[in-house]
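A short worksheet on the structure shown next.
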Ligand code: SF4
């Protein structure tokens, strides 16, 4: 069989053959395999990105939460990584040490995940449903306000104060949530009002 090889093709074939021989002599394939064995898999591969807000302080930096597991398929989504959101106008991807350690906070064994109640005389907390917790809080607030609300001061001036209850809100909320929280709390007459960023 007559095989026609161009001058350029012949030079390329000779070059590849020569390089393979030289690398083989240097043990390159073994080194490459050893190197590949030490390369970690890309940790963000096949993860779901969810944008959120750092809950620690009122700077409210944007974060991206990476998770594995598809909730739509009934799988559990485990958080594998959290980092600053480079597109967020507040922090442009940066996080302070507290925000940078957010994953440990989210996955902490001691994190409070459910409403808990300690009954009078008991020495332990018990888990209760959100409905029960909210009903209980609403009942206590209503009873206390009915009992202690001050509509007028001693000079007959309308003041509408409820001074026996304080309200601690979350700082890392949207502007709309913060606005509504403020309106509800001040509308009820509560004076002591702060958020967790200053605790
Ligand atoms: S704690 Fe740090 S990362 Fe979190 S919102 Fe405040 S400044 Fe940003």
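Values computed for the structure shown
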| read-out | value |
| --- | --- |
| Angle between the chain longest axis and helix 130-148 axis [Cα atoms, degrees, rounded to 10] | 30 |
| DSSP bridge orientation in the chain - percent antiparallel, rounded to nearest 5 | 80 |
| Computed lengthening from residue 29 to residue 80, 0.36 nm per intervening residue step minus Cα-Cα distance | 15.0 nm |
| The chain: angle of helix 175-188 to the longest principal axis, Cα-based, in degrees nearest 10 | 10 |
| Two-decimal Rg to Rh for the chain - Kirkwood Rh, Cα set | 1.32 |
| Most fluctuating residue given options 166, 74, 121, as computed from a GNM of the chain linking Cα atoms under 10 Å | 121 |
| Cα centroid separation, the stretch 63-87 to the stretch 132-153 (Å) | 40 |
| The stretch 149-199 pair-distance distribution - Cα-Cα, 10 Å bins, rounded % | 25, 44, 23, 8, 0 |
| Extension gain from residue 194 to residue 39, taking 0.36 nm per residue of separation minus the Cα-Cα distance | 50.9 nm |
| Zone residues, the stretch 33-73, relative to residue 133, backbone N less than 18 Å from point 7 Å out along Cα-to-Cβ | 55-56 |
| Between 0 and 90°, nearest 10: helix 28-38 axis offset from the chain longest Cα axis | 10 |
| Residues in the stretch 55-71 reached by a label modelled at residue 87 [backbone nitrogen below 15 Å; 7 Å Cα→Cβ] | 62-66 |
| Gain on full stretching of the segment that runs from residue 123 to residue 159 - 0.36 nm per residue minus C-alpha separation | 8.9 nm |
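Every read-out reported here was derived from the displayed coordinates using simple, explicitly stated rules and does not represent laboratory data. This structure is a prediction, so every number in the text was calculated from the model and none was measured. Positions of Cβ are generated from backbone atoms using ideal geometry, with glycine treated the same way; all protein chains shown enter the neighbour counts.
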